[in-house]
Amino acid sequence: MIVNYSNDYDVECQLDTCKTYPVITDHERGEMICGGCGILLVQNMSNSSNENNGYTLESFTKLARTGPATSLAIFDQGLSTIIGSDKDCTGKALPGKTKYEFRRLRMWDQRSKSKNTAKLSKAFTLLHGMKTKLGIPNNVVENAAYIYRKAVDAKLSRGRTMASLISASLYAACREHNIPRTLDDIASAGNTNRKALSRDLRTIIRKLELNLKPHDTALFITKISNNMNLKEKTKRDAFEILKLCEKEEITAGKHPVAQAAASLYISCIMNGGKISQKKFSIESGISDVTIRNIVALINKTLKIF
Ligand SMILES: [Zn+2]
């Protein structure tokens, strides 16, 4: 079945063998094809990207006919109506009667925007704030907005705060794109209760049937060591320790950040660094007791010291 004119994000090949392959979008031809078997799923798609004509400011202003690209992270996807000032195309003031008509039009334009729109607008303002605080890339924010919209459509916003729902959406998007941000990071950036956040996250995952993979521990090793300015050798040895731990199967069920901090701590000692467990604990946000326990476990299994 080929769909005409659809920017649906849920387009998927119907073959069971293709479910793991991504859908490929060809903006040039306006088509979406299955990455597994190559069947055409959508054709004659509308182009939602930013029109980029000309290489200088002058030619751009002359040639561009549209505004910025549409985005799910804007409450109306960037397609709102703006009823301009009380002047005609030549710059002359409009006559009194027309002016009055336009004022009424503007008022009804405002009033016709539904309650939902106002709520979305508030949620996405918060989302953009969190994006800046946590340094999250645009595509992940877009995905978070998509998850949030789906959650609102599924009526999950009832009885939940907007802040915790949008934070949970952002966390889910981070997990989908393998961006190393913990629940604590997002809870503090979104100024929400961590407990409510994790409860709402579980609801979202269950109701929207999201398939989230566990966090990649190696990414947290990179993140922590970059934040603490550790040596490259220390970082690489920590990767080795993590690999050995995974081989010995002692990483299962461990908090990925705690595992990363413990691996880094051991590799730091191996390389003659003198950084206390307390510092790793502060940097990673994991209690030093947890780190100490994992360090002891790694030490017992791998017999490093
Ligand atoms: Zn297919």
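The values are calculated or read from the model by the stated rules, or taken from the named source; none is laboratory data. Computed from a prediction, not measured in an experiment: that's the story for all the values here. No Cβ is skipped: glycine too gets one built from the backbone with ideal geometry, and neighbour counts run over all protein chains shown. With ligands, DNA and RNA removed, areas are computed over all heavy atoms of the protein, side chains included. Shrake-Rupley method; radii C 1.70, N 1.55, O 1.52, S 1.80 Å.
Within the stretch 142-166, work out how many residues are of a type in the set (A, V, I, L, M, F, W, C) and open to solvent by 30 Å² or more (accessible area, probe 1.4 Å). If you could, list the steps in order and put the result at the bottom.
Looking only at the stretch 142-166, we keep the residues that are of a type in the set (A, V, I, L, M, F, W, C), and these are 144-145, 147, 151-152, 154, 156, 162-163, 165-166.
Now narrow it down to the ones that are open to solvent by 30 Å² or more (accessible area, probe 1.4 Å): 152, 154, 162.
So the count comes out to 3.
Of all residues in the stretch 244-274, count the ones that are among the charged types (D, E, K, R) and within 15 Å of Ile221 (Cβ to Cβ).
Within the stretch 244-274, residues that are among the charged types (D, E, K, R) and within 15 Å of Ile221 (Cβ to Cβ) number 2.
Kindly check whether there is at least one residue in the stretch 78-89 that is over 30 Å from Lys223 (Cα atoms), at pLDDT 80 or above and among the small types (Gly, Ala, Ser).
Scanning the stretch 78-89, I find no residue that is over 30 Å from Lys223 (Cα atoms), at pLDDT 80 or above and among the small types (Gly, Ala, Ser), so the answer is no.
Report the residue count in the stretch 95-119 for those that are outside any helix (DSSP H, G or I) and open to solvent by less than 70 Å² (accessible area, probe 1.4 Å). Break it down into steps so the answer makes sense when it comes.
As a first pass, look at the stretch 95-119 and keep what is outside any helix (DSSP H, G or I): 95, 113-114.
Pick out the ones that are also open to solvent by less than 70 Å² (accessible area, probe 1.4 Å) and you get 114.
Matching residues across the stretch 95-119 total 1.
What number of residues within the stretch 13-29 satisfy the criterion of being more than 8 Å from the ligand (Cβ to nearest atom) and loosely packed, with under 15 Cβ neighbours inside 10 Å?
First, pick out the residues of the stretch 13-29 that are more than 8 Å from the ligand (Cβ to nearest atom): 16, 19-20, 22-29.
The next check asks that each one be loosely packed, with under 15 Cβ neighbours inside 10 Å; those that pass are 16, 19-20, 22, 24, 26-29.
Final tally of qualifying residues: 9.
Among Ile39, Ile82, which is away from the ligand (no atom under 16 Å from the Cβ), open to solvent by 70 Å² or more (accessible area, probe 1.4 Å), under 30 Å from the mean Cα position of the chain (by Cα) and of a type in the set (A, V, I, L, M, F, W, C)? Outline the logic, then answer.
Values: Ile39 fails: away from the ligand (no atom under 16 Å from the Cβ).
Only one candidate passes the filter, namely Ile82.
From the list Ile275, Ile241, Ile250, pick out the single residue that is among the aliphatic types (A, V, I, L, M), assigned to a helix (DSSP H, G or I) and surrounded by 14 or more Cβ atoms within 10 Å (Cβ to Cβ). Lay out the reasoning, then the answer.
Details: Ile275 fails: assigned to a helix (DSSP H, G or I); Ile250 fails: assigned to a helix (DSSP H, G or I).
Unique residue meeting the criteria: Ile241.
So which of Asn178, Asn139, Asn229, Asn193 ends up being more than 27 Å from Lys19 (Cβ to Cβ) and surrounded by fewer than 13 Cβ atoms within 10 Å (Cβ to Cβ)?
Asn229
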